[in-house]
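Only one structure is covered here, and it is reproduced in the block below.
Bear in mind these aren't lab numbers, they're just calculated from the coordinates by the rules spelled out. Just so it is clear, the model here is predicted, and its values are computed rather than measured. Note: ideal-geometry Cβ built from the backbone for every residue, glycine included; neighbour counts use all protein chains shown.
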Amino acid sequence: MKYFFQEFFNRVRSFFRDAPLDQELNEEMAAHLEMAVEENMRRGMPEEEARRQALIQFGGGQQARELHREARGLPWLDVLMQDLRFTFRTLKRDAGFAILAVLILAFGIGANVVVFSVVNTILLRPLPFRDSQQLVRIVEKKADSGESGRTYTADATQDFQQQNHSLQSVSGYFAFTGPDNFKFTGTGQPVPATGLLVAEGFFESLGVEPAAGRLFRREEFVHHAQPAALLSYPFWKRRFGGDTGVIGRTVDLSDKVDLNNTSVTVVGVLPEAFDFGSVFSPGAKIDLFVPYIMDDFRDDGNDLALVGRLKPGVSIAQAQSEADLLFPQFYFEHKHPEYGKPYTGQLTGLKEYVSGKLRRSLIVLWCAVGLILLIVCVNLSNLLLARAAARRKEFAMRSALGAKRGRIVRQLLTESLVLAVAGAVLGLVLAFAILAYLAHQGSIVLPLLSMVRIDGAALAWTLLVAVGAPVLFGVAPALRMSTGNLQEALKDGGHGASEGKSHDRVRSTLVITEIALACVLLVGAGLLLRSFLRVLDVDLGFEPSRAAAVSIDYDDGGNPAQRAAIWQDVVRRTSAIPGVESAGISDNLPMSRNRSWGIAAKGERKPKDSDFVGVFVYIVSPGYLKAMGMRLLQGRDIGWDDLINNRSVVVINESVADKLWPGKDPIGRHAMAGGMESEVIGVIADVRESSAEDSGGAQMFLPATKQFSPEGSFLVVRSTLPAASLAISVMRTLREINPGQSATEFRPVQGLVDRATSPRRFFLLLVGAFAGLGLLLASLGIYGVITYSVTRQTQEIGIRMALGATQTRVLLDVVGKTLLLALIGIAIGVITAFAVARLIASLLFRTAPTDPLTFVGMMVLLGVVALLAGYLPARRASKIDPMVALRTD
Amino acid sequence: MSESKLDLLQGTLDVMVLQTLEAMGALHGYGIARRIEQVSANEVLLNQGTIYASLVRLQQRGWIAARWGTSDNNRKAKFYSITRAGRKQLARDAAYWGRLANLMGRVLALESNGGEQ
């Protein structure tokens, strides 16, 4: 067998040395002939006869050369090269067609690669952790939308850690981290930074190894431990230019809650591949991690989001049945057994938890892009058929000269393949650009999106599509072209009525298919668009458009009175800036994070646990409600007196008022809010707190007093000025008040809303783009078919016009034909869309899957576009001059 | 058989070439073709040109080697000679053909006997 490899190697080598080897063979053959001639002459033949005999003995020279080539080289590759050369030549001759086909394919394949990469990243690829199938997320069984229903107290967490037998490790992170909750002073100016508290063993559970330095040690998780921090890779690059010298150094980190300036030792840097936000909290950028010290949080209620790693060989179901036994036994707090045992535990695979909700959307997206590819193929099939008609004679000639059917089909498939490969290459470039853009889109809040890229799987997918597509669109035309009656084709036909009719029918069917597919896409996109508009129409309860927020720093020395004075100063001076309508401070912004406390009506008896309503809390200054554009329905806003005099007052929203005092006037009544008895002074309209699509939750607004410390503070400014110029004057004012104010971002509140609706926008944008592409391709298909049939019927139309048909009559006939195709396509499409729409019902928001407006609108749109596409050739038909038409061939 | 010439079976030409080179030493293409024609007493239907496909195949398999040289009458020609791998291959082929010829002879003899009984 050794010779086999040697031969193969030599064959490959010969393949690339075709010319010199041919040259050598020619010399050898020439020598051979000369020797033969000489020998023949020696035997007494005259020279001419000698040469003739020599040539006869030698046989066909060309045949010998062919045999030689076959024996030494790679014959199949030779044929392929031949086909390719020929293909390039024909395509160059028909450059318009080639460019159009490649562009169409590039769009189709590019779109497919993009969607595949997104699907692959979010759904298919395992999470970027070691043995990620072992990771689980543990939440309450009836987890409502609030984060408090998905978290546990320090005590419950420790109980679970100690008592379970099915998990190798259980750890978690502090779930109520707002953006920019720290002020970080490493080198130079202080900057706001987002720090996340993680429980012991968090990184070890995930299997994350530090890129430099080390992870936290056990002794760093005890009370009064030496403070330590881990930096995220991007933060380390940004702040320290990737200098490992920072490890072991101390930096100043001040917590925005208690404002204690702490010296913290940087112990390590996390790897680049570890992006906490993209997995656990899409859209969040975490800059650094600090230990969550259980002892410091015993009294703080539910705040740990739990992540566990199953022991090898233990299934989620097994772990779940153990959790079902354990969780009901856990106390809310050991110190206060009277608080009860409120827990359940639901284990979900981390991957499922992260991307399960997106599965349906992504599958819909995948189907949409599959439809696009189908339309692309149908379109190309159509284009190729049109070409086939034009090349019938050429192929008939080749077959008459002895080309076998297989050889012709092969040639045609090579053409399709060349187009597809060119399309795939261009499509990949397109996909690469789009994905690079998507991966760096902080404004699209989808999990794992930052990790999206073209990987091996995506390339394999591209290859599959690039090879599969031409088979799909190329085979039918190829088979069609290679059969058929030679004589018919060779006779200067083109008007062969019967052949033409069936040809037309195939093309018409293809166009109808295209229209139907485009119709399905359009209806789908239309439904999503309607949903999106409905989402935007939702009364948010505040007006985001002209408000902007900025995180502020100040030093009140932990004194509430001083804080009130600083706040008042900030609000007063910002409000005085020309163009500012109102300003206020809150420790929380809508749609950016979660925090819930309880509120209950205070009556004669002490409220029980079950009387409490979970509410979303804002700790605010006067003016905040106005600055956000929230509507006060009853009573009054919080005043500076309330802050300065530490009054226990609360503003609630309608939902809370309805729940606590249904049908009664809540103003002046007393409630237990956040553990304090407070007087209700105002009621505001409901505000959507975490996303526009949730129902407006319960909310309350408390003055920042001795009792309630804000966790960070955001100054919200409502103004008629553009954000950029406003930012300058507001920052100047803040610097005047506090020179240590960090250089922070001025964020339009609209941006927060946009982020919250971004996944929907993302899907809408993609599906919408696909639908638009589908529409374009379908109209191109109609245009092509009608143009072709008009060209073919030029003579017939000429005769009709000569016999008295008017221009309008001809125009109407052609348009009527178009309309017929369009109507059949739309009818089939609408019926299909009815069925398909049911499947995407769960993705819609306040829109019925049979929404008549969408259906009718899309039908009309498609009809109009089809008419336009048909009108152009129709007009050309009506302009035919009968004399000219009858004279030409 | 004497009337029409023998059509060469697939692969037989390669063996003939190897055997010719083994017996005659280095030869050019024309020489090999002539030699085979002489040995077969013109019974073989050989287009001399086809020998070059066989030669290049054998060469690529490493069974023969080639170099340019000058012929007896001072003509530039490519000379082929058998290699060690070629000799081994020839031995295998010879054994194979021997067995095949033997077998065919037996089988054909058997048939004519059976017909008489």
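With a cut-off of 8 Å between alpha carbons and a minimum separation of six or more residues, what is the relative contact order of segment A:141-344 in percent?
Details: 396 pairs, mean separation 65.2, N = 204.
Taking the mean separation of contacting Cα pairs over the length of segment A:141-344, I get 32 percent.
Any idea what angle helix A:61-72 forms with the longest principal axis of chain A, computed on alpha-carbon atoms, 0 to 90 degrees, nearest 10?
Roughly 30 degrees between the two axes.
Please give every one of the aspartates and glutamates within straight-line cross-link reach of A:Lys351, meaning a C-alpha to C-alpha distance under 16 Å, and leave out same-chain neighbours fewer than 8 residues apart.
List returned: A:Asp131, A:Asp275.
According to a simple spin-label model (label point 7 Å from Cα along Cα-to-Cβ), what is the distance in nm between A:Gln82 and B:Gln38?
About 3.9 nm, to one decimal.
Report, in listed order, any pair from A:Lys142/A:Lys311; A:Lys92/B:Lys78; A:Lys141/A:Lys602; A:Lys237/A:Lys626 with a Cα-Cα distance greater than 32 Å.
Values: A:Lys142/A:Lys311 26 Å; A:Lys92/B:Lys78 43 Å; A:Lys141/A:Lys602 30 Å; A:Lys237/A:Lys626 40 Å.
Going by Cα-Cα distance, A:Lys92/B:Lys78; A:Lys237/A:Lys626 fall outside the 32 Å limit.
For segment A:48-90, what is Rg from Cα atoms divided by 2.2 N^0.38 Å, rounded to two decimals?
Cα-based Rg divided by the globular estimate yields 1.73.
Give the average, rounded to an integer, of partner chain Cβ atoms located within 10 angstrom of each Cβ in A:858-871.
On the way: counts 0, 0, 0, 0, 0, 0, 0, 0, 0, 0, 0, 0, 0, 0.
Mean inter-chain Cβ contacts per residue within 10 Å come to 0.
Could you tell me what a quarter of the Cα convex hull surface of segment A:319-360 works out to, in nm² with one decimal place? It would help to have the intermediate numbers written out before the result.
On the way: hull surface 15.9 nm².
Directional mean of the projected Cα hull area for segment A:319-360 stands at 4.0 nm².
Using the C-alpha gyration tensor of segment A:554-741, what are the square roots of 5 times its eigenvalues, in whole angstrom, with the largest one first?
Working: eigenvalues 177, 67, 39 Å².
Over the Cα atoms of segment A:554-741, the semi-axes work out to 30, 18, 14 Å.
In peptide A:5-15, how many Cβ atoms from other protein chains are near each Cβ within 10 Å, on average?
2
Mean residue ellipticity at 222 nm from the helices of the protein assembly as shown, using -39,500 (n - 2.57) per DSSP H segment of n ≥ 4 over the full residue count, to the nearest 500 deg cm²/dmol? Intermediate results must be reported in sequence, preceding the final value.
Working: 33 runs with 534 residues, N = 1006.
Counting only the DSSP helices, I get -17500 deg cm²/dmol.
Which three extents, in angstrom, do the Cα atoms of segment A:141-344 have along their principal axes, listed largest first?
On the principal axes, segment A:141-344 reaches 53, 38, 32 Å in Cα extent.
Can you return the aspartates and glutamates within cross-link range of A:Lys335? Criterion is Cα-Cα under 19 Å, with same-chain partners fewer than 8 residues away left out.
A:Asp155, A:Asp159, A:Asp295, A:Asp296, A:Asp299, A:Asp300, A:Asp303, A:Asp609
Which whole-Hz couplings ³J(HN,Hα) result when phi for each residue of segment A:671-682 is put into the Karplus expression 6.51 cos²θ - 1.76 cosθ + 1.60, θ = phi - 60°, listed in order with x for Gly and Pro?
For segment A:671-682, the Karplus-derived couplings read 9, 8, 10, x, x, 10, 6, 9, 9, 7, 10, x Hz, x marking Gly and Pro.
For segment A:52-165, how big is the tail of P(r) above 17 Å, as a whole percent of Cα pairs?
Details: 5200 of 6441 pairs.
Percent of Cα pairs beyond 17 Å in segment A:52-165: 81.
Within 10 Å of each Cβ of B:68-81, how many other protein chain Cβ atoms are there on average? Please report the intermediate quantities before stating the final value.
On the way: counts 4, 0, 0, 4, 1, 5, 0, 6, 5, 7, 6, 0, 0, 0.
Whole-number average of other-chain Cβ neighbours for B:68-81 is 3.
Report, in debye and to the nearest 20, how large the dipole of chain A comes out about its Cα centre when Lys and Arg carry +1 and Asp and Glu carry -1 on their Cβ.
Details: 93 positive and 87 negative charges, 646 e Å.
The calculation lands at about 3100 debye.
Just order A:731-740, A:617-626 by mean Cβ neighbour count inside 10 Å, highest at the front, would you?
Details: A:731-740: 13.9, A:617-626: 24.9.
Result, highest mean Cβ count within 10 Å first: A:617-626, A:731-740.
Quick one: grab Rg to one decimal and Dmax as a whole number for the protein assembly as shown, Cα atoms only, in Å.
Over the protein assembly as shown's Cα set, Rg and Dmax evaluate to 41.9, 141 Å.
In percent, how large is the relative contact order of chain A, given Cα pairs closer than 8 Å and 6 or more residues apart? All intermediate terms of the calculation are to be shown ahead of the outcome.
Numbers: 1521 pairs, mean separation 127.7, N = 889.
Normalised by residue count, the contact order of chain A is 14 percent.
Taking Cα atoms of segment A:263-364, Rg/Rh with Kirkwood Rh, to two decimals? Could the numbers behind the result be given before it?
Details: Rg = 17.6 Å, Rh = 17.3 Å.
With Rh from the inverse mean 1/r over Cα pairs, Rg/Rh is 1.02.
For segment A:141-255, how big is Rg over Rh, using alpha carbon atoms and the Kirkwood form of Rh?
Numbers: Rg = 16.3 Å, Rh = 16.4 Å.
That ratio equals 1.00.
Could you work out the relative contact order of segment A:554-741, using alpha carbon pairs under 8 angstrom and six or more residues apart, expressed as a whole percent?
Taking the mean separation of contacting Cα pairs over the length of segment A:554-741, I get 31 percent.
According to the Kirkwood expression over distinct Cα-Cα pairs, how big is the hydrodynamic radius of segment A:2-73, in Å? Can you show the working numbers first?
Values: mean 1/r = 0.0725 Å⁻¹.
Radius from the Kirkwood sum: 13.8 Å.
Over the residues of segment A:264-322, compute the C-alpha Rg and express it relative to 2.2 N^0.38 Å. Mind showing how you got there, number by number?
Numbers: Rg = 15.7 Å, N = 59, 2.2 N^0.38 = 10.4 Å.
Relative to the 2.2 N^0.38 Å estimate, segment A:264-322 comes out at 1.52.
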